[in-house]
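Report on one structure; see the data block that follows.
The values are calculated or read from the model by the stated rules, or taken from the named source; none is laboratory data. The shown structure was predicted, so the numbers you read here are calculated from the model rather than taken from an experiment. Cβ coordinates were reconstructed from backbone atoms using ideal geometry, including for glycine residues, and neighbour counts include every protein chain displayed. The accessibility values were calculated without ligands, DNA or RNA, using every heavy atom of the protein model including side chains. Shrake-Rupley method; radii C 1.70, N 1.55, O 1.52, S 1.80 Å.
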Amino acid sequence: MIVRRSDRVASVLARDERLVEVFVGASPAFAKLRSRALRRTLAKLVTVEQAARVAGVDADALVERLNAALAGTGSSGAPLPRAGQQADPPPLPASLLAIDAARIADLDVRDELRAGREPFRGIMDAARALPVGHVLRVRAIFEPAPLYAVLGKLGFTHAAERLGDEDWRVWFLREARAGAAPAEPEGAVEDEVVVLDVRGLEPPEPLVKTLEALAVLPRGKTLVQLNVRVPRLLLPKLDERGFVYEIREQSPALTRVFIRHREP
């Protein structure tokens, strides 16, 4: 289970929390990942490739370092060479600037993000309530690129402004009705990892609860079982049911088992 550019940062950190220091070592811009509150929001929304772009480092080099650390053949290391400053977005189109202020709804989620609260549902509620021809302006502490595809399927186009460090404003213009294209599932930009903590449960509860969770696990998602030991009785059942797994014994009291559907 190697790290890929498309993996969300949260799913990478779920494999081993010590990878936070690999991110921070690659660029000081990742220091915010040390905050558990911010990791509940930023890390769930942003892929490794998007994070590398924001930090101005090469995504392939970052992925290589993360995989080396997972394999035990690397460390946090020195900062990665800058891949060039993130380019400012193009100027806003004149047609967007000409929209009447009465048709613009502003939503500032910067404080929510800094406090570790999840703003996605509030953004989606505001977007769904917006009539055609109106604009939702979202203010965030990073470019909310994961929203582009989600709102695009609801009939929105977008244009971004970078107003300063950790200060972005994105204009989402509704050009079509909600039913014009299939909507993205609400969980589309949420974490791809389901965490199941079975520590403290008496047998056979860890086995039963894990199999119940796997029975409803969507393809493409990963179940991370937190256990105090390697679940030997579970492993053959995973093989029988068509799952692949990876075991990481992180300490005498913590073992993480990463389980996903076997590729067809």
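In this structure, does V170 turn out to be modelled with pLDDT under 95 and among the hydrophobic types (A, V, I, L, M, F, W, C)? In short, no.
Just give me the residues in segment 247-264 being open to solvent by 40 Å² or more (accessible area, probe 1.4 Å) and not hydroxyl-bearing (S, T, Y), in sequence order. Matches in segment 247-264: I247, R248, E249, Q250, P252, A253, R260, R262, E263, P264. Residues that are open to solvent by 30 Å² or more (accessible area, probe 1.4 Å), under 22 Å from the mean Cα position of the chain (by Cα), without any contact (Cβ under 8 Å) to a residue 40 or more places away in the chain and farther than 18 Å from T157 by Cα within segment 88-131 comprise D108, D111, G122, listed in sequence order. Which members of segment 224-256 meet the condition of being part of a strand (DSSP E or B) and closer than 16 Å to P204 by Cβ? Of everything in segment 224-256, those that are part of a strand (DSSP E or B) and closer than 16 Å to P204 by Cβ turn out to be Q225, N227.
The residues of segment 193-218 that are of a type in the set (A, V, I, L, M), in contact (Cβ under 8 Å) with a residue 24 or more places away in the chain and assigned to a helix (DSSP H, G or I), listed by number, are L207, L211, L214. In this structure, V216 does not qualify as open to solvent by 80 Å² or more (accessible area, probe 1.4 Å), touching a helix residue (DSSP H, G or I) at 6+ places or on another chain (Cβ under 9 Å) and modelled with pLDDT of 65 or more.
Looking for whichever is in contact with an Asp or Glu (Cβ under 7 Å, 6 or more places away or on another chain), surrounded by 12 or more Cβ atoms within 10 Å (Cβ to Cβ), over 20 Å from E118 (Cβ atoms) and at pLDDT 85 or above here; the options are L226, L207. Which one fits?
Numbers: L207 fails: in contact with an Asp or Glu (Cβ under 7 Å, 6 or more places away or on another chain).
After ruling out the rest, the residue left standing is L226.
Could you list, in sequence order, all residues of segment 37-57 that are part of a helix (DSSP H, G or I), under 15 Å from the mean Cα position of the chain (by Cα) and modelled with pLDDT of 75 or more? The answer is V48, E49, Q50, A51, A52, R53.
For segment 154-170, the set of residues classified as in contact (Cβ under 8 Å) with a residue 24 or more places away in the chain, surrounded by fewer than 17 Cβ atoms within 10 Å (Cβ to Cβ) and not in a strand (DSSP E or B) consists of E166 only.
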